[in-house]
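Q: Take this structure, written in structure tokens, and hold onto it; I'll ask about it next.
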Amino acid sequence: QQLCQVPPKGQRDDKLTPLSSLLGDAQGARASLLLSIYLFPASTGSRDMNRKRHRLVPEAFGQKRRREGGDVEADPLRGESGSARAAVAELLRLFPRVLFEDALPPIALRSQVYSLVPDRTVADRQLKALQEQGEIRIIQLGFDSDAQGIIFTEDYRTRVLKACDGRPYAGAVQKFLASVLPACSDLSFQQDQMIQTFGFRDPEITQLVNAGVLTVRDAGSWWLAVPGAGRFIKCFVKGRQAVLGMVRKAKYRELLLSELLGRRAPAAARLGLAYHVHDLIGAQLVDCVSTTSGTLLRLPET
């Protein structure tokens, strides 16, 4: 009622006082909004419709999107340019922990890092530095000679200890994590190295293999491994083929990135569309073509 009162004649001031000054910022803003709705209902409705239409427009590559619940998140295929460390962190956030009951450490692939850091020489050099500093561990995934997984060392240690807790080989695993992991950043280990340098006996090495911490590379050498990683590898291979099939079945064997990410994921792509698209781009299983409509994913000519 106070807002609608008109000052008596002779007491009016030509200079209008903002409502925010009279009522305070929060109350003034609310009052201004109510007054605009009362005086200009049609224009307010038009602005609401414009906002709704804007939300229906496919978002461009790299723009921010708003999810239900109000959280604002960067596009899942946009990373911090040139930083392998930031790329790994972003990719690991896409890893679906719940899918594996949090039994596996979050795993990213080297190929995925290339999708965020296109200069492979730079990416490899930075990953090598992180590996030598002990911040990450790199494991051979086995389904392809070039397929390598990247895990933060602390996540690896935590999940391995949890997986081996109370098992007969827990002692050998704890010894491995305490002595070998901090001292050697390699992907594989030799028998002489394990016995002479780190003091492991053959039965202890066998226990490490049984625990899934090591897998046989060849006679007298072993790859570093993650207990239970077979489940992840199975999901990854099936999902890669499923998402690649989405591009293959599209008209002209090409699909806009925004359109692909907006589709419902196939049942086989349990790791998520964004997770697999990073792999397809980085592994060069699809070509990225810049268009006026956004980034186009196209199957390479064969």
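Q: What is the local net charge at Phe236, summed over the other residues whose Cβ is closer than 11 Å to its Cβ (Lys, Arg +1; Asp, Glu -1)?
A: Summing Lys and Arg as +1 and Asp and Glu as -1 gives +3.
Q: Give me the number: length gained by fully extending Arg298 to Lys234, i.e. 0.36 nm times residue separation minus the C-alpha to C-alpha distance, one decimal in nm.
A: Full-extension gain reported as 20.5 nm.
Q: Nearest 0.05, what FRET efficiency do Leu187 and Thr291 give at R0 = 35 Å with Cβ-Cβ as r?
A: My answer for the efficiency is 0.35.
Q: How much length, in nm to one decimal, is gained on full extension between Ser179 and Asp218, taken as 0.36 nm per residue of separation minus their Cα-Cα distance?
A: Answer, rounded to one decimal: 11.8 nm.
Q: Are there any chymotrypsin sites (Phe, Trp or Tyr not before Pro) in segment 113-194 that are in a DSSP loop and have at most 16 other Cβ atoms within 10 Å? List them by number.
A: Answer by residue number: Phe143.
Q: Tell me, rounded to the nearest percent, the portion of alpha carbon pairs in segment 119-201 spaced more than 18 Å apart.
A: 52 percent
Q: Kirkwood Rh over alpha-carbon pairs of segment 180-239, then Stokes-Einstein at 37 °C and 0.692 mPa s: what D in µm² s⁻¹, rounded to an integer?
A: My calculation gives 265 µm²/s for D.
Q: Moving on. Run the quick spin-label model on Asp124 and Arg201: label points 7 Å from Cα toward the beta carbon, then report their separation in nm to one decimal.
A: Going from the Asp124 label point to the Arg201 one covers 4.2 nm.
Q: Quick one: in segment 200-289, what % of C-alpha pairs are over 16 Å apart?
A: 61 percent
Q: Oh, and also: If the viscosity is 1.567 mPa s and the temperature 4 °C, what translational diffusion coefficient in µm²/s does Stokes-Einstein give for segment 123-260 when Rh comes from Kirkwood over Cα pairs?
A: It diffuses with D of about 77 µm²/s by this estimate.
Q: Using the Karplus curve 6.51 cos²θ - 1.76 cosθ + 1.60 with θ = phi - 60°, what ³J(HN,Hα) values do you get for each residue of segment 177-193, in whole Hz, with x for Gly and Pro?
A: In residue order, the calculated couplings are 5, 7, 10, 7, 4, x, 9, 9, 9, 5, 7, 9, 9, 9, 4, 4, 4 Hz.
Q: Still on this structure: Note down the nm distance, to one decimal, between modelled labels 7 Å out along Cα→Cβ at Leu99 and at Arg264.
A: 1.8 nm
Q: Compute the FRET efficiency between Lys251 and Asp144 as 1/(1 + (r/R0)^6), taking r as their Cβ-Cβ distance and R0 = 30 Å, and round to the nearest 0.05.
A: 0.55
Just so you know, all these numbers are worked out from the coordinates, no wet-lab data involved. Just so you know, these numbers come straight off a predicted model, no measurement behind them. Note: ideal-geometry Cβ built from the backbone for every residue, glycine included; neighbour counts use all protein chains shown.
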